[in-house]
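All remarks here apply to the structure that follows.
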Amino acid sequence: MSVKDPLHIAGQTIAEKYRIEKLVGEGGFAVVYRAIHTIWKKPVAIKFFNGLSNAPVDQREQFKDAFIQEGALLTELSSQTAGIVQARDVGTYTTPGGQWMPYMVLEWLDGASLEELLERERAQGMARWSVLETIGFPDTDRQLGGREDVEYLVRCTRHKVPVGTVGDVLLHHFGSITQKAMKMETGIDDLGDRAHFYRKLGMGWLARKHFKAQRRRLAADWVRRERSDHGFVMHMVRADGMWRDVSYL
């Protein structure tokens, strides 16, 4: 059986120091490879954002700068807690076939996927992960168009699962740059189908109004608690060259 290598870069050395070994993960907008830092002789994970490969040429420098800023924020946050993977480096790469894309180098963590872990623990008769097994995993429905995290929030609240800034599971939606590039390329303001999103949630007009008000209250509460408990805030957006607290989830 052939080994999957969507970028055809296994065995190549990136930035003169990252020797690509194999593909370890693939999503709709990015692929992750295991690589070896040839100087430190240590494994790293490299996330290539191939969803940005069709970004307009005259906008690539802008995307690169925004990408570096997000990487810097991740580095700052990961230095304050072991619960966030560490960012080690960022850059851009052009494949032999001419496909341009930015990448981020992250610390390598040995382990198994969450699905594998749950299956192994279930087979061993260990205690169940009640939240994940009750609510399930984030929805990968493409028609949600970036609303996967909000859909998951709805499931949590409907099952009366406490949602906040500290817990056993952290979901980080790190796709703003990719979504911006896709919107510019397609000329579409909204990538997803908003009507489909609300139909999937079973929300009518009044329920949507209540839900939006609830999300605003949650945003204010989470920002206040994060800054009070940890000294920094993960719920931020980039606007006018500055990071600002979110006012809406």
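The values are calculated or read from the model by the stated rules, or taken from the named source; none is laboratory data. Because the structure is predicted, anything quoted here is derived from the model rather than measured. Glycine also receives a Cβ, built like all others from the backbone with ideal geometry; neighbour counts cover every protein chain displayed.
Of note, Asn54 does not satisfy the criterion of being under 18 Å from Gly97 (Cα atoms) and touching a strand residue (DSSP E or B) at 6+ places or on another chain (Cβ under 6 Å).
Of all residues in the range 39-52, those satisfying the criterion of being touching a residue at least 60 places away in the same chain (Cβ under 8 Å) and either among the aliphatic types (A, V, I, L, M) or surrounded by fewer than 19 Cβ atoms within 10 Å (Cβ to Cβ) (or both) are Lys42, Pro43, Val44, Ala45, Ile46, Leu52. Within the range 195-207, not a single residue is in contact with a strand residue (DSSP E or B) (Cβ under 9 Å, 6 or more places away or on another chain) and modelled with pLDDT of 80 or more. Screening Ile36 on (1) surrounded by 16 or more Cβ atoms within 10 Å (Cβ to Cβ); (2) β-branched (Val, Ile, Thr); (3) under 18 Å from the mean Cα position of the chain (by Cα) shows it passes everything except condition (3). For the range 34-51, the candidate set comprises residues that are closer than 11 Å to Pro102 by Cα and outside any loop (DSSP other than H, G, I, E, B); within that set, the residue that is modelled with the lowest pLDDT is Gly51.
A single entry from Ile9, Ile20 fulfils the requirement of being modelled with pLDDT of 95 or more and of a type outside the set (Ser, Thr, Tyr): Ile20.
Filter the range 65-92 down to the residues that are touching a Pro at 6+ places or on another chain (Cβ under 8 Å) and at pLDDT 80 or above and list them by number. It would help to see each step written out before you state the result.
Taking the range 65-92 and keeping what is touching a Pro at 6+ places or on another chain (Cβ under 8 Å), we get 67, 90-92.
Within the range 65-92, Val90, Gly91, Thr92 meet the criteria.
Evaluation of Met182 against the conditions (1) touching a helix residue (DSSP H, G or I) at 6+ places or on another chain (Cβ under 6 Å); (2) modelled with pLDDT under 60; (3) surrounded by 15 or more Cβ atoms within 10 Å (Cβ to Cβ) shows that the sole unmet condition is (1). Scanning the range 136-146 for any residue that is surrounded by fewer than 16 Cβ atoms within 10 Å (Cβ to Cβ), over 17 Å from the mean Cα position of the chain (by Cα) and at pLDDT 75 or above turns up at least one such residue.
Taking the range 1-33 on its own, how many of its residues are in contact with a helix residue (DSSP H, G or I) (Cβ under 9 Å, 6 or more places away or on another chain) and in a strand (DSSP E or B)? Break it down into steps so the answer makes sense when it comes.
Filtering the range 1-33 down to residues in contact with a helix residue (DSSP H, G or I) (Cβ under 9 Å, 6 or more places away or on another chain) leaves 6-7, 27-31.
With the extra rule that they be in a strand (DSSP E or B), the set shrinks to 31.
Residues in the range 1-33 being in contact with a helix residue (DSSP H, G or I) (Cβ under 9 Å, 6 or more places away or on another chain) and in a strand (DSSP E or B): 1 in total.
Which is among the basic types (Lys, Arg), surrounded by fewer than 13 Cβ atoms within 10 Å (Cβ to Cβ) and farther than 24 Å from Gly241 by Cα, of Lys22, Lys17? Exactly one of Lys22, Lys17 is among the basic types (Lys, Arg), surrounded by fewer than 13 Cβ atoms within 10 Å (Cβ to Cβ) and farther than 24 Å from Gly241 by Cα, namely Lys22. Within the range 108-118, how many residues are modelled with pLDDT of 80 or more and either surrounded by 14 or more Cβ atoms within 10 Å (Cβ to Cβ) or part of a helix (DSSP H, G or I) (or both)? Total satisfying the criteria: 1.
Hey, any hits in the range 73-96 for a residue that's aromatic (Phe, Trp, Tyr), touching a residue at least 40 places away in the same chain (Cβ under 8 Å), in a helix (DSSP H, G or I) and buried (at least 17 other Cβ atoms within 10 Å of the Cβ)? Outline the logic, then answer.
Initial filter on the range 73-96 (aromatic (Phe, Trp, Tyr)): 93.
Checking the rest, the ones that are also touching a residue at least 40 places away in the same chain (Cβ under 8 Å) come to 93.
Those still in the list that are in a helix (DSSP H, G or I) too: none.
The answer is no, given that none of the residues of the range 73-96 is aromatic (Phe, Trp, Tyr), touching a residue at least 40 places away in the same chain (Cβ under 8 Å), in a helix (DSSP H, G or I) and buried (at least 17 other Cβ atoms within 10 Å of the Cβ).
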